[in-house]
Amino acid sequence: MSAQAHGRSRSGFTLVELLVVIAIIGVLVALLLPAVQQAREAARRSQCINHLKQFGLAVHNFHDTHNELPPARIQVQYLGWSAFILPFMEQDNLYQNIDLKLAYKNQLTEVQRTPIAGYVCPSRRQVGSMTTSVVTPNTVHNGATWDYASIDGHDGTESVYRYGSTSGMLVIAEGDHQSYRSRTNMASVIDGLSNTLMIGERHVRVQDLGIEDDSVGDGPLLSGWAYSSMRVAGPGWGLAKGPNAPRNQLLFGSWHPGVTNFVLGDGSVRPISVTIDTDNLGRLANRKDGQVISVSF
């Protein structure tokens with residue numbers, strides 16, 4: 001047989017065979033995609049947990065330096081805990097450009113807009129995103145967004161102004177913006193640091209990202225505004241069940257499936273199930289109720 005004839009006898013894939021191969025590849029991709037997505041979410045959740053660990057270390061270092069816990073905020077419209085711990089989050093340059101005696105709206109624009117990766121949960125948004133709506137009386141430039149809040153206590157009493165009656169670890173300062181000091185220190189946590197929540201992921205719905213108002217509370221990173229930097233947890237104030245849960249500016253909640261991450265007073269980080277009973281959640285949020293926590297977390 002000639003070489004030419006031999007060449008004519010060679011055959012390739014038929015159309016049916018090609019379609020079968022494509023179908024098999026499609027099935028494999030469909031099987032692998034959920035695993036890839038789960039792996040990515042696991043990596044994002046680990047990063048979020050690391051951010052909370054850094055908050056815990058920063059608060060402890062602040063306490064070692066000042067012999068008190070950072071205030072949740074100085075007073076209405078002034079800066080809060082997110083600003084106080086900056087030197088202990090490797091953000092001393094930003095801290096040097098802040099004037100704690102000025103309201104947030106009077107801080108430098110570049111300060112308001114400086115993003116910080118350690119304050120952003122990667123499951124929710126990208127570092128560098130800005131608020132899209134900031135309402136009066138706090139009319140300012142849109143600022144850098146973030147995803148965490150201090151636990152103000154176990155109920156929503158005085159939820160806007162957050163006076164000293166709150167039961168969390170980090171509470172509003174004593175005095176005013178000219179002369180203030182923290183109301184709490186480590187010794188104030190009577191129930192024990194390992195039994196008390198300190199900072200966690202705050203609830204923001206998908207459609208509410210970047211909106212700061214009295215029903216959302218996704219305000220700028222350093223603003224110290226009540227709903228943007230402080231939330232509550234306890235009876236009547238359970239954890240949000242996910243990114244599409246009903247809007248509530250007082251709740252904690254995450255975009256990690258089934259859990260919300262918190263750092264406790266001892267610096268340990270725990271993922272808490274969103275179905276935790278609210279009585280025990282309230283005991284964890286209260287630094288001084290003397291109640292026994294009757295659930296593993």
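The values are calculated or read from the model by the stated rules, or taken from the named source; none is laboratory data. Values in this document were obtained by computation on a predicted structure and should not be read as measured data. FYI the Cβ positions are ideal-geometry reconstructions off the backbone, even for glycines, and counts take in every protein chain you see. Ligands, DNA and RNA are stripped out before the accessible areas are found, and what is left, the full protein with its side chains, is counted by its heavy atoms. Shrake-Rupley method; radii C 1.70, N 1.55, O 1.52, S 1.80 Å.
One table, with the values for the structure above:
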quantity	calculated
Set Asp266, Asp218: member being assigned to a loop (DSSP other than H, G, I, E, B) and within 13 Å of the chain's Cα centre (by Cα)	Asp218
Residue that is nearest to Gln107 (Cα to Cα) [pool: residues in the stretch 228-274 that are surrounded by fewer than 24 Cβ atoms within 10 Å (Cβ to Cβ) and of a type in the set (Ser, Thr, Tyr)]	Ser268
Meets criteria (at pLDDT 95 or above and under 18 Å from the mean Cα position of the chain (by Cα)) for Pro87	no
Search result, residues across the stretch 167-207 that are charged (D, E, K, R), over 17 Å from Ala58 (Cβ atoms), at pLDDT 95 or above and not in a loop (DSSP other than H, G, I, E, B)	Arg202
Residue in the stretch 40-58 that is in contact with a Lys or Arg (Cβ under 6 Å, 6 or more places away or on another chain) and open to solvent by less than 60 Å² (accessible area, probe 1.4 Å) present	no
Filtered residues of the stretch 275-297 (kept if open to solvent by 50 Å² or more (accessible area, probe 1.4 Å) and outside any loop (DSSP other than H, G, I, E, B))	Asp279, Arg283
Residue identified as open to solvent by 10 Å² or more (accessible area, probe 1.4 Å), among the hydroxyl-bearing types (Ser, Thr, Tyr) and modelled with pLDDT under 95 among Thr131, Thr139	Thr139
Within the stretch 146-166, tally of residues that are modelled with pLDDT under 90 and crowded, with 24+ Cβ neighbours inside 10 Å	2
Some residue of the stretch 281-288 being more than 24 Å from Asn195 (Cβ to Cβ) and in contact with a Pro (Cβ under 9 Å, 6 or more places away or on another chain)	no
Search result, residues across the stretch 66-90 that are closer than 27 Å to Gln47 by Cβ and surrounded by fewer than 19 Cβ atoms within 10 Å (Cβ to Cβ)	Pro87, Glu90
Top-ranked residue of the stretch 184-210 - restricted to ones that are β-branched (Val, Ile, Thr) and either buried (at least 19 other Cβ atoms within 10 Å of the Cβ) or without any contact (Cβ under 8 Å) to a residue 24 or more places away in the chain (or both), ranked as nearest to Tyr163 (Cα to Cα)	Thr184
Single match in Gln54, Gln47, Gln38, Gln77 (criterion: assigned to a helix (DSSP H, G or I) and either modelled with pLDDT under 75 or more than 20 Å from the chain's Cα centre (by Cα) (or both))	Gln38
Cβ pairs under 8 Å, 6+ apart, first in the stretch 218-247 and under 21 Å from Asn195 (Cα atoms), second open to solvent by 10 Å² or more (accessible area, probe 1.4 Å) and acidic (Asp, Glu)	Val232/Asp155; Gly234/Asp155; Gly234/Asp279; Pro235/Asp155; Pro235/Asp279; Gly236/Asp155; Trp237/Asp155
